[in-house]
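Peer 1: One structure, as structure tokens, below. Some questions next.
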Amino acid sequence: MYFSFVASLETGPAGASLEFLRLAGDPVRWQLLRELARSDRHVRELTALLERPPNLVSYHLGKLRSAGLVSARRSSADGRDAYYTVELDRFAALLAGTGRAVHPGLRLAPAARTDPASSPGGPPPRLLFLCTGNSARSQMAEALAAARSQGRVEAFSAGSRPKPVHVNTVHVMRERGIDLGSRSSKHLDTFAAHRFSHVITLCDKVREVCPEFPGHPGYAHWSIPDPAASGADDQATLPVFRDVAAALETRVRYLLAGLGAVPGLAA
């Protein structure tokens, strides 16, 4: 199915755009894309959110996966579950191509400011990233959010079972121009009484134990594999650390755009 979709893209902008519109324009698939753009989810959650039978949800997820608009990863907390993720870069590219197929002057506009917490003169959004060890994924996400927003958000991170910051975390962040300095890991209890605009879990296991934070923040889940568990030593795991850093860079970029916290974008 994926190859037939790709083949249709090669027939020209008009054919590709029609195929994309047929695929994404189905009401169930459109709902799935919107839900997965907010948070990674498994089928049981999507079934409840859409109030549709599991076999129908699975069928449409299969269509989206075949087109490369959605991907899936087996949960590290419960191997019977798979977390589904929308591929926002691919969706954006297809959407942009569809606009150009209608008129060459049509371009995607920068994301408008949508979060009231980020309005001019108000306090900046406060983001908390959580994983198990607070040694890799959440440290990277915190650093990327702070650096790429240039202070337009306040970013923090913690873990349910903190471990020292991994040497490869420092390495891959330095490759991206970010110095982690003397950062240390923290337990999520450190922030139990703090208020956040958004709490993002990056680990399937920590999602299961994530507490309720004051002030009803927005919760989202990004199912990201633990790079430290991918090899026998630091040298073996370094490529996976780079892959995770790249995936988080993309996720953080879209998060900041949605918050209107990207430097240079008009509110």
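The values are calculated or read from the model by the stated rules, or taken from the named source; none is laboratory data. Values in this document were obtained by computation on a predicted structure and should not be read as measured data. Here the Cβ positions follow ideal geometry from the backbone for every residue, glycine too, while neighbour counts run over all protein chains shown. Only protein heavy atoms, including side chains, enter the accessible area calculation; ligands, DNA and RNA are left aside. Shrake-Rupley method; radii C 1.70, N 1.55, O 1.52, S 1.80 Å.
Peer 1: Tell me which residues, restricted to the stretch 22-42, are more than 24 Å from residue 250 (Cβ to Cβ) and part of a helix (DSSP H, G or I).
Peer 2: 22, 25, 27, 28 - these are the residues of the stretch 22-42 that are more than 24 Å from residue 250 (Cβ to Cβ) and part of a helix (DSSP H, G or I).
Peer 1: Next question, about the same structure. What pairs come up if the first residue lies in the stretch 186-210 and is closer than 27 Å to residue 79 by Cα, the second is of a type in the set (Val, Ile, Thr) and open to solvent by less than 30 Å² (accessible area, probe 1.4 Å), and their beta carbons are under 6 Å apart, counting only those six or more places apart or on different chains?
Peer 2: Filtered contacts from the stretch 186-210: 202/224; 207/201; 210/201.
Peer 1: Moving to a separate point now. Search the stretch 215-246 for residues being of a type in the set (Val, Ile, Thr) and assigned to a helix (DSSP H, G or I), and hand back the single one that is surrounded by the fewest Cβ atoms within 10 Å (Cβ to Cβ).
Peer 2: 240
Peer 1: Continuing with this model, one more query. Scan the stretch 172-204 for residues that are more than 22 Å from the chain's Cα centre (by Cα) and within 13 Å of residue 141 (Cβ to Cβ) and jot them down.
Peer 2: The answer is 183, and nothing else.
Peer 1: Then there's this: Take the stretch 84-103 and flag every residue that is more than 27 Å from residue 74 (Cβ to Cβ) and surrounded by 13 or more Cβ atoms within 10 Å (Cβ to Cβ).
Peer 2: 95, 96, 97, 98, 99, 100, 101
Peer 1: When residues of the stretch 200-244 are filtered for being basic (Lys, Arg) and under 23 Å from residue 153 (Cα atoms), how many remain?
Peer 2: Total meeting the criteria: 1.
Peer 1: Could you tell me how many of the residues in the stretch 166-176 are farther than 25 Å from residue 150 by Cβ, open to solvent by less than 70 Å² (accessible area, probe 1.4 Å) and of a type in the set (Val, Ile, Thr)?
Peer 2: Qualifying residue count, the stretch 166-176: 0.
Okay, residues lined up against (1) farther than 21 Å from residue 151 by Cα; (2) assigned to a loop (DSSP other than H, G, I, E, B); (3) open to solvent by less than 70 Å² (accessible area, probe 1.4 Å); (4) of a type in the set (Asp, Glu):
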position	(1), (2), (3), (4)
164	yes, yes, no, no
178	no, yes, yes, no
181	no, yes, yes, no
190	yes, no, no, no
206	yes, no, yes, no
213	yes, yes, yes, no
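Peer 1: Something else: Out of the stretch 79-109, which residues are modelled with pLDDT of 90 or more and over 26 Å from residue 249 (Cα atoms)?
Peer 2: none
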